[in-house]
Amino acid sequence: MAYRLRTTVTLGLSTLLLGLSLAWAATPGTVTAVDDKGVATVKTADGKEYKIFPGDMWRVGTKVDCEIRDGKAECKQPQ
C-alpha cells in the first residue's frame, strides 16, 4: 500500500514539475531598436519581432528572455 502511494505521489510531482518547467521556458531575444517613447523592438531566437515597453532600462543589443503567450511577449533581462 505504501509503495503504491509513494509511486503515485512521485509520478504526480514529476508531471507537475515537468509541466511547470515547460510553461516557464523562456525564449532568448535581443533588443534591436528603441524609439523615443521607450518602446523596444525585440527579435527572438525564432526570428519573430515583438514591441515591448520596458521603460528606459534597455538599449540596443541588450539580451533578454521572453515568454510568448497569445502572440504577445513579456521580456526581462536574465539575472
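Summary of values
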read-out	value
Which listed residue is outside any loop (DSSP other than H, G, I, E, B), out of contact with any Asp or Glu (no Cβ under 9 Å at 6 or more places or on another chain) and at pLDDT 90 or above, from Thr15, Thr30, Thr8	Thr30
Hits in segment 53-79 - residues which are within 14 Å of Pro28 (Cβ to Cβ) and of a type in the set (A, V, I, L, M)	Val64, Ile68, Ala73
Subset of segment 35-79 (residues that are in contact with an Asp or Glu (Cβ under 9 Å, 6 or more places away or on another chain) and buried (at least 17 other Cβ atoms within 10 Å of the Cβ))	Val42, Ile52, Cys66, Ile68, Ala73, Cys75
Test: residue in segment 43-59 that is part of a loop (DSSP other than H, G, I, E, B), modelled with pLDDT under 85 and of a type in the set (Asp, Glu)	yes
Count of segment 51-72 residues which are touching a Gly at 6+ places or on another chain (Cβ under 8 Å) and in contact (Cβ under 8 Å) with a residue 24 or more places away in the chain	4
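The values are calculated or read from the model by the stated rules, or taken from the named source; none is laboratory data. Values in this document were obtained by computation on a predicted structure and should not be read as measured data. Positions of Cβ are generated from backbone atoms using ideal geometry, with glycine treated the same way; all protein chains shown enter the neighbour counts.
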